[in-house]
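One structure is given here, and the rest of the page talks about it.
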Amino acid sequence: MDTQKFQKLFYAGPITSLCFHNDIILLSGQGPYFKVFYVPTGNLLYSHPIMEYWRIYRIVPVKFVKKEEITVEENKNNKTYYNSIIKEQRLLAIYGSKTIQIVNISIDYYKDKLELPRVSITLGSRLSPLRDWVHDVKWLYGYINNSTSTSTNSVDFVGSSITNPAELAIAFAHNFVEIYNIQNKTCVYSIQCEERCILYSARFFGDTLNELILASGTVFNQVHLWDVMKKNEFGDGVVFKKLIGHEGVIFGVNFSDDGKIISSVSDDRTIRVWKTDRNEKSNPLIFYGHMARVWDCQILDNYLISISEDSTCRVWQNSIDLNVDDEASDVNCLACWEGHVGKSVWSLAIDPSRKIVATGGGDSEIRLWSLSSVTNNKIGMQFFFSEHSDKDLIKIELPPVDSYAHLEGNTREHIRNFVQVDYSTVVIATNYGHLLRYSYVTKEWLSLYNSKELRNYTMMKVSNCGRVVCCGSINGKVFVISVNQEFQTIEKNLHQYKVFELFLEETEDPNILHVVSHAIHNEIYLLKLDLNDSEPRFEMLCKLSVPPQFQLMSLAFCPSYRLLICGSRESGLAIYNLNSPILSNTENSIKELSPIIYLKKTHGRQAVTSVAFRIDKLKSNEEEVLMIYTSGRDGGYIKYRLRGLSILNLKTNYSESTEKDPIIIEINKTKHCDDDLYEDTKDYNIDSDNSAKELQKKELVDGLILEQVYKVKITKGWLERVVFVEDELILLGFFRKRFFVYNEDKKYEMFSVACGGAHRMWHFKAKDKRMDKASFMFIRKENVYIYSRESSAINEGFNECNLQGNFHGRECRIVNYLSYPLDLDLGNNDQKPIMFATGAEDSILRLFQYFPDKQEKNLVSLCSIKKHTSVIKSVEWSYGTELLLFSSGANEELRCWKIEVSLACNQPDAGSSAYPSVGVNCLEWSLCPAVSEIPETRIMDTSVCLINSFKGLHFIAAVYSDSVLRVWLFDEKKRKFFLIGDAKFHTRCILQVRHLVISAGENSKDGIILFTSATDGRIAIWDVSRPIYSYLDLYDKSNEAIDSLDLGEPVYYYQAHQSGINCLAIHPMSYYNSLYMIVAGGDDNAISIAYFEILWDTFRKEDDYNKIQLIIRPKYREIVKIEAAHGSSIQGIHVLNDTKILSTALDQRLNLWEIDFYSRDKIDKIDEVKYFVDKCDEVKYSKDEFDKRNEVKYSKDEIDKRNEEKYSKNEFNKRDEVKYSKDELDKRNEVEYFKDELDKRNEVKYFKDELDKRNEVKNEFDKRNEFKLIKSEFVDVCDPNI
């Protein structure tokens, strides 16, 4: 048999190791892959699986780099050029599990050319397998005679160069150390610590053997420090100091550069910093702040950098040498970086210049963070108002009162309100009604205006251009003030009551502003401020009519379509059309403008804190749409899409129309479409007024369509603002006492500031998406604090903070490729985009595109949606009138998404064979109702099939943890789920469901078959054709929901496995009409194969011709089993063709099996069964190797097969269901094995105790089949420590 190999194309998994070679080269370990990145541009320079299938846990370079400069001759266009190249070489020790690989890395830098560095590696010695799991390694640079050393057991090793050391110290998991000579791979020294305990972490300190110290992090919550070269009378290493105080196992220890202090992190979520002085007994400094277990903490002089299971990286002030309390918390936390998705930041590295921090997460992402911005610019610092941190902010205090006013007596002035004009200028209102302009760059104060009307209360807003400030008084007056004193202050009596809120919005004319003033009792006026003349005009346009209890809180104006979008405190959203004819009315009476759309409870019962918009185009028809974004105090933001905007630009028609001809509006619900059916749900209720319901029932004729595209919760606190900075969506909010800035496009928290909380006046400005220039101002205790950043990408050392894109941060449960053809104009490009959807334990639904032709960034995330409340168990594609995606999982959630796919802007050149790039819009389309009586019911699996493409009808077979099979109908046009029927046959949780459509030709309806499997090991086959078609007939007549039907009983079932069946595949045989192969994999580590004939009943009556009449029967009574197909529970089965099956399991192997069929009519006997279940790409193992690895058990039948003895048909029938345990032999009583018969075959002797020991091995051989495992591949191996 020819050797076959899997080709490894891509790997996405946790980043378990990071190490900076220098300031611009970053080394990483991801699974077995060793990667090299160029930090300034983020390019991947090298990638190769140097550790085969073991994870790389750490990369340890030698201390010094060998450098040389060489000149290379190049010939171009008959001319000779000489290029200078700087070559760097360095030895690396890379370890994982019980293996250490020595690597020589060479990096070439082009001195005179703008080219990326070139990386090459040479694999050196490999130490494998070692005695135990490796926890740390340390390069030793020979014996250095130190007269002050107190060591009495020093050993003089052969010296080695500083660039090529010959010895390597290795710390093992059972607290012993070995010194290896890497040239001859021999152990030259070994010592066991006197504390014989298991370690979860260890770290060396010292460059020579005489000064070598090991810090051992034990499972007994202690850190032990001991000298490697000092022994007691028993020859064991002596612990000279125990660090006791943690309340959990020690996950990581690290020394400072001088070794005087050590950090330890633990299961107790704390970081502790200890002094290592042998004689001093001092308490550690304890840091609290991480919300989960802490994995690592590195010491940088006055700073600590830590990573945790809570997916954050934190920067702390290291104050162990200061006179502070023993406990420290957020007071010492200078920055909290949140960017990784899911669970755990696993690796951490800091560049030699200490400007950049690199983190690697469980989401396979590598992120760069600016440490210099924390230490220099203080951006990202969580500020606490104490003496040692006041220097980090600019504090604005009022100047002496007599410098701008003359007040009687000892009058005390303080800051009442303020607005931010630009990054360095503010306008401040005092409690005595003075408006002062201040620049903290020039330190200059200027009095702008003073009014008694503004005493003790001043509502303030500034225009985006910074030219105008509007103020509202407690008596209802509005003031317009020029910041640069371009015109006299305008004062207007507008309201009778206090001005509650003011808004200034720019129009298409930069000199014209819209002003919205909101007073108590819902009195809202729209005014126009015209600055074109020397004397500005401030005139009333209209009064905005709002529903009762509508308190205006946020506002945005779209000049292109003259739409005013308003958000309210009680979670309402109102949209006004300023093209309305009432605005052109010149009468003196004030006209009221009503909203054309009003939505209730957009953010539940919480306030709509901000509104933003963008104009976009649909790729399908180039139609312009308005994307509306709202943020709320429920901690989330919502994305809407307003279509049909072309009617708004028909200004002539609008001016000629009357109020009797309203615009027809349709408000599409994105979750529930039947208020009566879902009235008790917690989802958003869109405009439940009767008038709105009437509009929903009308057909659209050139009207507007408002669609909710997306909604997600970002924080448990408040989300206060949504803004766009350089086309990236930035979210601003508060959580507890912190203000944070979150990049939604790149999914990470950019920085946060502990300002005291949200109940204060604050302003924020950012010039660019990297926050190179940003300013945050807030008021506290009657003073204004300015928190400013001035930096550049050049100073930070990198352009992109994301070196490698992310995958799921928790276990991925389902992957489903898009097999439907996409309606894309690809031109002459024959390559079709490869897309797939995934769901995981992190409850995130993601869409990816894979590029096989790219070396780097070949997996691109198209969409990431966190809408499910818990794990996603199933995703299924379906294509009717639209491309739909159905996702389901815990809490009985079954969601439908509309997927819009279009070509991206950056396409390959014409005629190129490269894969095209696509863009995706994912619209939340519908939510299936919960019907189970058990609150925590989970949907374990779904199978989706299109029934009617013209009507857009799909059926969804869903299996639930309450052991019920339910079949749903989804109507695309109505965007509703309808329950067709349910049935309960399995008594345990149903795990899998698959559907099969049997074509019936032109004169009859297709048959619909379902296959279900459960934790009881049974597979049931259901004919649901008649219930589904009966329901569809009733649905077509009534066109509304009807009572669900009973699906009946399964037509056939059989026991396929001993326990749960985790995967199920149905395959039609190519050369056998109506013959299907059912392959299943279970928790019993076995694969079962059964064959069924599914055909039409040829004896049906003529008058029943149009009815579904199927016959389902097993082709053979025997079930073929491959026992011990994997070393653990099988999780995936895929049938490639009639003869090949792929399987994967929790043992992280990918196996390829072969089944040979020689003819249609019969299946010849098995020739041989070969199991290849060990290392990658190896396909030959002797019998002894199989027995030794305990992966394959040999039965008597296998011996018979290997002897190639011929058996008659009767003999095969007798033997084909033999089970190899005494109980099974007695129970089945079909074949009896005696010792004499075994001896007679005499290749292997099986005795009773051997049979009992292997009692889970079952070999069932059908005389017509042959199984061959032709390939086995290690996918990944987990370390129990991780």
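Values as computed for the structure displayed
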item: In Å, descending, principal axis extents of the Cα set of the stretch 7-80; result: 48, 35, 23
item: Ranking by accessible area, most exposed first, for 406, 868 with a 1.4 Å probe; result: 406, 868
item: Size of the stretch 776-846 as Cα extents on the principal axes (Å, biggest first); result: 63, 35, 25
item: The stretch 218-320: Cα Rg divided by the 2.2 N^0.38 Å rule of thumb; result: 1.10
item: Descending semi-axes in whole angstrom, ellipsoid equivalent of the stretch 864-936, from the Cα gyration tensor; result: 34, 12, 10
item: With all protein chains modelled, accessible area of residue 50 [1.4 Å, Å²]; result: 10 Å²
item: Debye log10 I(q)/I(0) for the stretch 450-534, one point scatterer per Cα, at q = 0.18 Å⁻¹; result: -0.72
item: C-alpha center-to-center spacing [the stretch 1-70, the stretch 961-1004] in angstrom; result: 47 Å
item: Around residue 136: net Lys/Arg minus Asp/Glu count, Cβ-Cβ under 10 Å; result: +3
item: Order of exposure, largest accessible area first, which applies to 314, 1113, 770 with probe 1.4 Å; result: 1113, 770, 314
item: Alpha-carbon spread of the stretch 921-1048, three principal axes, descending order, Å; result: 39, 35, 32
item: Modelled FRET efficiency - R0 45 Å, residue 891 with residue 258, Cβ distances, 0.05 increments; result: 0.25
item: The stretch 738-877: Cα Rg divided by the 2.2 N^0.38 Å rule of thumb; result: 1.45
item: Distance between modelled label sites at residue 1038 and residue 830, nm, 7 Å Cα→Cβ extension; result: 5.3 nm
item: Trypsin sites (Lys or Arg not before Pro) lying in DSSP loop within the stretch 1-97, provided at most 15 other Cβ fall within 10 Å; result: 5, 8, 63
item: Rounded if a/c under 1.5, otherwise prolate or oblate - the stretch 994-1034, Cα gyration tensor axes; result: oblate
item: Net length gained if the chain between residue 83 and residue 277 were fully extended (0.36 nm per residue, minus Cα distance); result: 64.6 nm
item: Förster radius 51 Å - calculated FRET efficiency between residue 465 and residue 197, Cβ distance, rounded to 0.05; result: 0.15
item: Efficiency of FRET between residue 932 and residue 1051 - r from beta-carbon atoms, R0 25 angstrom, step 0.05; result: 0.50
item: The stretch 808-886 - Rg (one decimal) and Dmax (whole number), Cα, Å; result: 13.8, 43
item: 876, 491, reordered so the largest accessible area comes first (probe 1.4 Å); result: 491, 876
item: Karplus (6.51, -1.76, 1.60) ³J(HN,Hα), θ = phi - 60°, over the stretch 539-551, in Hz, Gly and Pro reported as x; result: 10, 7, 9, 6, 9, 8, 7, 10, x, x, 6, 7, 10
item: Extension gain (nm, one decimal) between residue 984 and residue 1140, 0.36 nm per residue minus Cα-Cα; result: 52.8 nm
item: Label-to-label distance, nm, for residues given as residue 533 and residue 850 (7 Å Cα→Cβ offset); result: 6.9 nm
item: Distance (nanometres) between label positions extended 7 Å along Cα→Cβ at residue 1070 and residue 493; result: 9.2 nm
item: Per-residue SASA entry for residue 881, accessible area with 1.4 Å probe, Å² rounded to 10; result: 70 Å²
item: Accessible area of residue 618 in the full protein assembly, 1.4 Å probe (Å², nearest 10); result: 20 Å²
item: Tally of Lys pairs whose C-alpha atoms are under 22 Å apart, taken over the stretch 702-767, 8 or more apart or cross-chain; result: 14
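The values are calculated or read from the model by the stated rules, or taken from the named source; none is laboratory data. If you're wondering where the values come from, they're calculated on a predicted model, not measured in any experiment. Note: ideal-geometry Cβ built from the backbone for every residue, glycine included; neighbour counts use all protein chains shown. Please note that ligands, DNA and RNA were not included when accessible areas were found on the heavy atoms of the full protein model with its side chains. Shrake-Rupley method; radii C 1.70, N 1.55, O 1.52, S 1.80 Å.
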